[in-house]
There are 2 protein chains.
Amino acid sequence: MAERVVVIGGDAAGMSAASMAKRLRGELEVIAFERGEHTSYSMCGIPYWVAGDVADWPALVARTPEEHRRNGIDVRLGSEVTAIDPAAGTALVRTLRGTETVGWDHLVIGTGAEPIRPDWPGLDADGVFEVQRIPDGVALLAAVAAGAKRAVVIGAGYIGIEMAEALVRRGLQVAVLDRGPQPMGTLDPDMGAHVRAAMEGVGIEVRTGIEVEGIETFAGRATGVATDHGTLPADVVICGLGVRPAVALAREAGLMIGEAGGIRTDDRQLVAGDHPAQGRIWAGGDCVEVHDRIADRFTTVALGTHANRQGRVIGTNLAGREARFAGVIGTAVSKLCSLEIGRTGLGERAAAGAGFDAVTATIESTTRAGYMPDAGPIHVKLIAERGTGRLLGGQIVGHNDGAAKRIDVVATAVWTGLSVGELAEVDLSYAPPFSPLWDPVTVAARATHDAAQRSQ
Amino acid sequence: MAERVVVIGGDAAGMSAASMAKRLRGELEVIAFERGEHTSYSMCGIPYWVAGDVADWPALVARTPEEHRRNGIDVRLGSEVTAIDPAAGTALVRTLRGTETVGWDHLVIGTGAEPIRPDWPGLDADGVFEVQRIPDGVALLAAVAAGAKRAVVIGAGYIGIEMAEALVRRGLQVAVLDRGPQPMGTLDPDMGAHVRAAMEGVGIEVRTGIEVEGIETFAGRATGVATDHGTLPADVVICGLGVRPAVALAREAGLMIGEAGGIRTDDRQLVAGDHPAQGRIWAGGDCVEVHDRIADRFTTVALGTHANRQGRVIGTNLAGREARFAGVIGTAVSKLCSLEIGRTGLGERAAAGAGFDAVTATIESTTRAGYMPDAGPIHVKLIAERGTGRLLGGQIVGHNDGAAKRIDVVATAVWTGLSVGELAEVDLSYAPPFSPLWDPVTVAARATHDAAQRSQ
């Protein structure tokens, strides 16, 4: 009889594991349990749908349940796995029709992440939204259509900033709150200051260093956000505090949860630890910890790219081949209207926390030759190890298409262990519509090289 | 007495050598002889000035003679060096006022490149233009203003394509001729085909596999281009056949000219060979050969970035510090209206010529998530060594801002010697406005990795 793979979670990690396994080894029986009604959708696309760039949510679905089924995957929607028993090799599955026990030869855990929800009064009121799943977007757009005028976004990270842009473009008056010193806490504050300026430039009220105390409500509806600096009135409240690994199922089953709060796996995505188990248990996506190659520690990063990569690794291993996940360096891009934001590797504080004696340099340049009509300002900050000049990370904020994607050059250099001196030598491309004579990355690498040398 | 540095040529290599030397060692006497009237201008910007993106040519001048003089460099315009005597350590300089002999302690040769001019009848006629110097652009714009209607561009390389776009945007009817199979001979023909399609899409007539026989003239003015496939009528003819190192002065002085036709230097930019010499002779910019790191041979690449890098190396060495030029891999970007074009490293033919057993893969993707409104098609081709998977080169053509600059990621990977399998693992950035979930470079790296493995 064919081996059976049970997959928990019908999104990026789970379904890419299922797809890859089935593609490489068609005789596998693959059953995927998804508690919702959708598979393989782009959570990252939700802000652009809310903004109106994307006409409707079906465009965000990369592969429907029907498409997966045509590929031979037994997708079961509305099916929540409520418990797993590693020793017995079984999962308890609840549906509207009742509960059943399903045995596995291989288990793939792709339970994803759950929004961080502080213990604030009023957070369950009508008019408070998260931006995690397709129904969240449906409900938010309904509130906008019903005439919401004022929005407060709690949390100035990626999702908070993207939602702020979306709601500004929908005509709402938007305030964004964050307890940190600047928006975009994944950037150093000096770079976050540019994001703040751009937010204020498009009319977003930015309130940092502020503590939320709860949601004010009237008749069960949100009316404002109470803070230690007074109340901000709101018709809709977006809770954009980020996510954490959804590990309840794994924890209850005795699987290993690491210090970063995710399921701990090895680099084949096999769940680590000494749990007794029938068959093998794999995990991937937002529910696991990943190895940060630069800090050499485990961390959690909720990102579709990692989830899909890990799913492919699991699927390849399930098919009897060998694959390993190479770890992360924390590359990310985002935008706020015409401001593009990129980051990779370690920021200043993370570099110090990881034990590096770091130097930085920040340069300002233009995205194109200064004499070209669309040349916009761009700031590039690089972080390097003092002495060796080893590149540890980089941050870019700039106006105009092509500013932020330059972070991929920095990411490739961080990934391969280049020094800033070596990066400054790389033969990068130049033409007036694309870059000044010296690409801003080259200029920043040169400045950081000088800083790393001077301080020896 | 201060050592004297004599610089021949007031553009990228010469003036960056002069500037760096003066900045690091202010007591040097630096004299720069320029036969024209301008210093440090962007030749690459001329097509954008002709197109109207740049209002007037002074915007293309990075540093004027006056600015250089304020930095302590003795710039002499209208001064042509007609001979050098390495053994005596002297240069013969001709100006309108006569001829003088100038001695040096160090000589810097930055004579640049000269347009390739075949032995065609009529090439000196009125209405035939090159795009090398500022007066070329002034004359061409005057011809356009005087009512030129039809343009023929000879040569479908970077400059030919950029000039074709410029003239289309000025309202002319434009034909581009090339003897090769497709436009953009620095791309493989399969990728050049996309450039052809884009050119035809904006109304440019593209004639490839065609031999020019000469310029037809009437009363000293160009009236058409005679080819082996008949005559194409033209009011203006752009000769965009590329350039070659301007080495007459060096050759006559007995300096070493390499097999690629440029002045041969070591990696400090000291002119190679056993010529008798007073002091030291340096050379940089379009007049020298450069080391191709991948093919491990000498080649010529006329590009402002290399010229400036080499100038900085010369200036640093002149100041008594140590600097070396790390070589090139042939990275370049260009555009044709909304089509962006990037290349780096070796193409298929060059890889074979350099002795590599190469495999390739080409993928089509989109510049952004497929559901985003501005997602444009992008084609990425990578060339890798069979077996090892070592990345040898890459080519990108795609619509939308951000397509071509991705070549810098490929360039960084080529530069550092990554394999395509390793490149496929790199943590590149993703967000819907910037990339599909898998960046096209990642997809191409994966496909090329598979090809390199399959064919073992």
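For region B:372-400, filtering for residues that are buried (at least 23 other Cβ atoms within 10 Å of the Cβ) and either at the interface with chain A (Cβ under 8 Å from one of its Cβ atoms) or hydrophobic (A, V, I, L, M, F, W, C) (or both) leaves 9. Checking the structure you have, find out if any residue of region A:325-344 is in a helix (DSSP H, G or I) and of a type in the set (Lys, Arg). No, there is no match, as no residue in region A:325-344 is in a helix (DSSP H, G or I) and of a type in the set (Lys, Arg). Among the candidates B:Gly304, B:Gly311, B:Gly320, B:Gly342, the residue that is closer than 28 Å to B:Arg280 by Cα and at the interface with chain A (Cβ under 8 Å from one of its Cβ atoms) is uniquely B:Gly304.
Is it the case that A:Ala283 is crowded, with 20+ Cβ neighbours inside 10 Å, within 21 Å of the chain's Cα centre (by Cα) and closer than 24 Å to A:Asp190 by Cα? Spell out how you get there, then give the answer.
Working: crowded, with 20+ Cβ neighbours inside 10 Å: yes; within 21 Å of the chain's Cα centre (by Cα): yes; closer than 24 Å to A:Asp190 by Cα: no.
Here the answer is no, as A:Ala283 does not meet what is asked.
So, in region B:337-352, how many residues would count as being under 26 Å from B:Glu200 (Cα atoms), out of contact with any His (no Cβ under 9 Å at 6 or more places or on another chain) and surrounded by 24 or more Cβ atoms within 10 Å (Cβ to Cβ)? Of the residues in that region, 4 qualify. Of the residues making up region A:412-439, those that are under 29 Å from the mean Cα position of the chain (by Cα), surrounded by fewer than 24 Cβ atoms within 10 Å (Cβ to Cβ) and part of a helix (DSSP H, G or I) number 1.
With respect to A:Gly112, determine if the residue is out of contact with any strand residue (DSSP E or B) (no Cβ under 7 Å at 6 or more places or on another chain), of a type outside the set (A, V, I, L, M), modelled with pLDDT of 95 or more and more than 22 Å from A:Leu336 (Cβ to Cβ). Let's see the steps before the verdict.
Values: out of contact with any strand residue (DSSP E or B) (no Cβ under 7 Å at 6 or more places or on another chain): yes; of a type outside the set (A, V, I, L, M): yes; modelled with pLDDT of 95 or more: yes; more than 22 Å from A:Leu336 (Cβ to Cβ): yes.
Considered against the rule, which asks whether it is out of contact with any strand residue (DSSP E or B) (no Cβ under 7 Å at 6 or more places or on another chain), of a type outside the set (A, V, I, L, M), modelled with pLDDT of 95 or more and more than 22 Å from A:Leu336 (Cβ to Cβ), A:Gly112 comes out as yes.
Report yes if A:Arg297 is basic (Lys, Arg), more than 12 Å from chain B (Cβ to nearest Cβ) and surrounded by fewer than 21 Cβ atoms within 10 Å (Cβ to Cβ), otherwise no. Taking the combined requirement at face value, the residue satisfies it.
Screening A:Gly311, A:Gly327 for residues that are surrounded by fewer than 20 Cβ atoms within 10 Å (Cβ to Cβ) and under 19 Å from the mean Cα position of the chain (by Cα) leaves exactly one candidate, A:Gly327. As for region A:240-263, it holds no residue that is closer than 30 Å to A:Glu29 by Cα, within 14 Å of another protein chain (Cβ to nearest Cβ) and either more than 17 Å from the chain's Cα centre (by Cα) or among the acidic types (Asp, Glu) (or both). Where strands (runs of 3 or more DSSP E) fall entirely within region A:192-260, those with at least 1 residues that are of a type in the set (Lys, Arg) and under 30 Å from A:Gly9 (Cβ atoms) are at A:243-245. Pairs linking a residue in region A:196-218 that is free of Cβ contacts under 8 Å to residues at least 40 places away in the same chain to a residue that is among the hydroxyl-bearing types (Ser, Thr, Tyr), with Cβ atoms under 8 Å and 6 or more positions apart or on different chains, are A:Arg196/A:Thr208; A:Arg207/A:Thr227; A:Ile210/A:Thr227; A:Glu211/A:Thr227.
Select from region B:5-45 the residues that are closer than 18 Å to B:Trp104 by Cα and among the acidic types (Asp, Glu) and write down the one among them that is surrounded by the fewest Cβ atoms within 10 Å (Cβ to Cβ). So, considering only residues that are closer than 18 Å to B:Trp104 by Cα and among the acidic types (Asp, Glu), the one surrounded by the fewest Cβ atoms within 10 Å (Cβ to Cβ) is B:Glu27. Evaluating B:Ala18 against the criteria (1) in contact (Cβ under 8 Å) with a residue 12 or more places away in the chain; (2) more than 24 Å from B:Val313 (Cβ to Cβ); (3) among the small types (Gly, Ala, Ser) leaves one unmet condition, (2). Just one of the listed residues (B:Phe356, B:Phe298) is out of contact with any helix residue (DSSP H, G or I) (no Cβ under 6 Å at 6 or more places or on another chain), part of a strand (DSSP E or B) and either at pLDDT 95 or above or not assigned by TED's automatic domain parsing to the domain that holds B:Ala444 (or both), and it is B:Phe298. Of the set (1) more than 30 Å from A:Gly393 (Cβ to Cβ); (2) in contact with a Phe, Trp or Tyr (Cβ under 7 Å, 6 or more places away or on another chain), all apply to B:Gly355 but (2).
Can you tell me how many residues within region A:83-130 are in a strand (DSSP E or B), surrounded by fewer than 16 Cβ atoms within 10 Å (Cβ to Cβ) and in contact (Cβ under 8 Å) with a residue 24 or more places away in the chain?
Taking region A:83-130 first, the residues in a strand (DSSP E or B) are A:83-85, A:90-95, A:98-103, A:106-109, A:113-115, A:126, A:128-129.
Retained after the next criterion (residues that are surrounded by fewer than 16 Cβ atoms within 10 Å (Cβ to Cβ)): A:83, A:92, A:95, A:98-101, A:103, A:126.
Restricting the remaining residues to those that are in contact (Cβ under 8 Å) with a residue 24 or more places away in the chain gives A:83, A:103, A:126.
Of the residues in region A:83-130, 3 are in a strand (DSSP E or B), surrounded by fewer than 16 Cβ atoms within 10 Å (Cβ to Cβ) and in contact (Cβ under 8 Å) with a residue 24 or more places away in the chain.
When you look at B:Thr186, is it within 13 Å of B:Ile161 (Cα to Cα), touching a residue at least 40 places away in the same chain (Cβ under 8 Å) and either assigned to a loop (DSSP other than H, G, I, E, B) or of a type outside the set (A, V, I, L, M) (or both), yes or no? Yes, satisfied.
Scanning region B:401-426 for residues that are more than 8 Å from chain A (Cβ to nearest Cβ) and of a type in the set (Ser, Thr, Tyr) yields a total of 1.
Residues are listed down the side, and each one gets a yes or a no for (1) under 25 Å from B:Pro436 (Cβ atoms); (2) in a loop (DSSP other than H, G, I, E, B):
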position	(1), (2)
A:Ser365	no, no
A:Met372	no, yes
A:Lys381	no, no
A:Leu391	no, no
A:Gly398	yes, no
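For every residue, the table says whether it meets (1) within 28 Å of B:Glu348 (Cα to Cα); (2) assigned by TED's automatic domain parsing to the domain that holds B:Gln132.
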{"residue": "B:Gln173", "(1), (2)": "no, yes"}
{"residue": "B:Ala198", "(1), (2)": "yes, yes"}
{"residue": "B:Phe218", "(1), (2)": "no, yes"}
{"residue": "B:Leu249", "(1), (2)": "no, no"}
{"residue": "B:Ala253", "(1), (2)": "no, no"}
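Mind checking whether some residue in region B:354-363 is aromatic (Phe, Trp, Tyr) and either on the phi > 0 side of the Ramachandran plot or facing chain A (nearest Cβ under 8 Å) (or both)? Spell out how you get there, then give the answer.
So in region B:354-363, the residues aromatic (Phe, Trp, Tyr) come out as B:356.
Subsequent filtering for residues that are either on the phi > 0 side of the Ramachandran plot or facing chain A (nearest Cβ under 8 Å) (or both) retains none.
Checked region B:354-363: no residue is aromatic (Phe, Trp, Tyr) and either on the phi > 0 side of the Ramachandran plot or facing chain A (nearest Cβ under 8 Å) (or both).
Filter region A:358-367 for residues that are touching a residue at least 60 places away in the same chain (Cβ under 8 Å) and surrounded by fewer than 20 Cβ atoms within 10 Å (Cβ to Cβ); which is nearest to A:Leu392 (Cα to Cα)? Going through the qualifying residues, I end up with A:Thr362.
The values are calculated or read from the model by the stated rules, or taken from the named source; none is laboratory data. Treat the numbers as computed from the prediction; the structure is a model and nothing was measured. Here Cβ is always computed from backbone atoms with ideal geometry, including for glycine, and neighbour counts include all displayed protein chains.
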